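K.L.:
This is the structure I want to talk about, given as structure tokens.
The values are calculated or read from the model by the stated rules, or taken from the named source; none is laboratory data. Bear in mind that the values here come from a model prediction, so they are computed numbers and not experimental data. Neighbour counts are summed over all protein chains in view; Cβ atoms, including those assigned to glycine, are modelled from backbone coordinates with ideal geometry. With ligands, DNA and RNA removed, areas are computed over all heavy atoms of the protein, side chains included. Shrake-Rupley method; radii C 1.70, N 1.55, O 1.52, S 1.80 Å.
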Amino acid sequence: WQSVSLGETPENTDSLILEFKDTTGVWSRVYKVNGNTALVDSFYFVGICVKDSIYFGKHFQFRFRNYGRLSGRFDVWNVDHIY
């Protein structure tokens, strides 16, 4: 992830969240990062292993959510190379 691009850097109250949907249909937060990171122009690598069997269903899903200002080019997050 990267916390800035062609917009404003996210503040401490902004965040990027990764959630997994389990076999019962419940979304669970597995990763969260807040804004105001030290190296705003760098990409950070995060590796998350799916080990809990509650996620091993044929309808497994994941989603990224971000919290920040909704208007304009503010609180920009970039996510790349998802495998």
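K.L.:
Straight-line reach only, C-alpha to C-alpha below 20 angstrom: list the aspartates and glutamates that Lys51 could link to, leaving out same-chain residues fewer than 8 apart.
P.N.:
Glu19, Asp22
K.L.:
A follow-up question, please. Largest first, how would Lys32, Lys21 line up by accessible area (1.4 Å probe)?
P.N.:
Details: Lys32 95, Lys21 55 Å².
Largest accessible area first, the list is Lys32, Lys21.
K.L.:
Provide the convex hull volume over Cα atoms per residue for the chain, in Å³.
P.N.:
That works out to 104 Å³ per residue.
K.L.:
Let me ask another. Using the basic label-point model (7 angstrom from Cα toward the beta carbon), what is the Phe43 to Ser28 distance in nanometres?
P.N.:
Each label point lies 7 Å from its Cα, and together they span 2.9 nm.
K.L.:
Moving on. Hey, if you put +1 on the Cβ of every Lys and Arg and -1 on every Asp and Glu Cβ in the chain, which of Gly35, Ile48, Gly68 ends up farthest toward the positive end of that dipole?
P.N.:
Checking the options against the dipole of the chain, the answer is Ile48.
K.L.:
What part of the accessible area of the chain, given as a whole %, is carbon or sulfur when the probe is 1.4 angstrom?
P.N.:
Values: 3170 of 6000 Å².
Exposed carbon and sulfur together represent 53 percent of the surface.
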